[in-house]
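What follows is a set of notes on a single structure, which appears directly below.
Values in this text are rule-based calculations from the coordinates and carry no lab data. Just so it is clear, the structure is predicted and the values come from calculations on it, not from any experiment. Here Cβ is always computed from backbone atoms with ideal geometry, including for glycine, and neighbour counts include all displayed protein chains.
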Amino acid sequence: AELWQESGRFESVGSELLRFKDRGGRDMLLGMTHEEAAVHLARGEAKSYLKYPFMIYQIQTKFRDEPRSRAGLIRVREFTMKDAYSFHTSQEDLELYYQRCLDAYFRIFYRSGLKNVISILSDTGMMGGQKAHEFMYLSDDGEDSIVYCENCDYKSNMDVAVSHIHKEESQEQEILEVHTPGIKDIAELAKFLNIKEAQTMKATVFFRKDNEKTVIAFIRGDLQVNEL
């Protein structure tokens, strides 16, 4: 676990990382991803700028203590994944190579007969980074939801989707205390008061497991808080 301790992810990654100790009491783990190992290999073998850019990849078993299976039986606690890691001397070169990899995956899907596949913006999650894409096969039997714009090429996972909030015009009114018996949610409240949901406000409460603190977010009644 030394490489993961060096990067800080041995402590920062949540319970998805399978940790244990060997008979000598040393920290061990089962690899859920291999950025640390790839960097360790690169810094030992690629000490000259002449070797850049380059990419290494592998097809290997991964282990993640997922709370539930994902994509049927494709993503469970033990699964096979192809992962690749590229190394560059500039951000510009990285961006170009990122697009090349994105295009390569589309060619793989197309040649495999999977033509109903799209790429969408997604959350970088515990892997970190500035951006990420995931590939979706559009199906009525799918388990995920996405958003897309019919007037442009914007497509995104619901976790990171960016929305444009329409501003509701209203006039400032006197604050009144109103009795709302039996009202349980914003929809019922708006109907009871004969107003739009956008004219209400609600408090959404979250509990952070990392520091055991309670967070309260006040938002417009017709909106939802993205927990990420």
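Observations on the model:
- Compactness of the chain - radius of gyration and Dmax, Cα, Å: 23.5, 74
- Measuring nothing but how far apart in sequence close Cα pairs (under 8 Å, 6+ apart) lie, relative to its length, the chain scores a relative contact order of 9 percent.
- Förster radius 22 Å - calculated FRET efficiency between Val76 and Gln99 (Cβ-Cβ, nearest 0.05): 0.10
- Filter on Lys82/Lys131; Lys51/Lys131; Lys47/Lys82; Lys167/Lys196; Lys115/Lys155; Lys62/Lys209 - keep pairs with C-alpha separation over 22 Å: Lys51/Lys131; Lys47/Lys82; Lys62/Lys209
- Across segment 127-213, the mean sequence separation of Cα contacts (distance under 8 Å, 6 or more residues apart), normalised by length, yields a relative contact order of 13 percent.
- From the alpha carbon centroid of segment 178-202 to that of segment 85-164 is 39 Å.
- Top positive-direction residue, dipole computed over the chain with Cβ charges, set Ala46, Ser119, Ser86: Ala46
- According to the calculation over all Cα-Cα pairs in segment 114-157, the P(r) per 5 Å bin from zero is 5, 20, 27, 25, 16, 7, 1 %.
- Normalised by residue number, the volume inside the convex hull of the Cα atoms of segment 173-223 is 112 Å³ per residue.
- Based on C-alpha pairs under 8 angstrom that are at least 6 apart in sequence, segment 14-100 has a relative contact order of 27 percent.
- Residue among Val76, Val117, Val178 with the largest mean-square fluctuation in a Gaussian network model of the chain, springs linking Cα atoms under 10 Å: Val178
- Spin-label pair Leu223/Met55, simplified geometry with 7 Å Cα→Cβ offset, distance in nm: 3.8
- Two-decimal log10 I(q)/I(0) for segment 111-193, as the Debye equation yields it once each C-alpha is a single scatterer, q = 0.12, 0.17, 0.23 Å⁻¹: -0.66, -0.87, -1.18
- If the convex hull is drawn through the Cα atoms of segment 2-89, its volume per residue in Å³: 123
- Charge dipole (Cα centre; +1 on Lys/Arg Cβ, -1 on Asp/Glu Cβ; no other charges) of segment 2-89 amounts to roughly 200 debye.
- Sites Gln199 and Phe20 - FRET efficiency at Förster radius 35 Å, r taken between beta-carbons, to 0.05: 0.05
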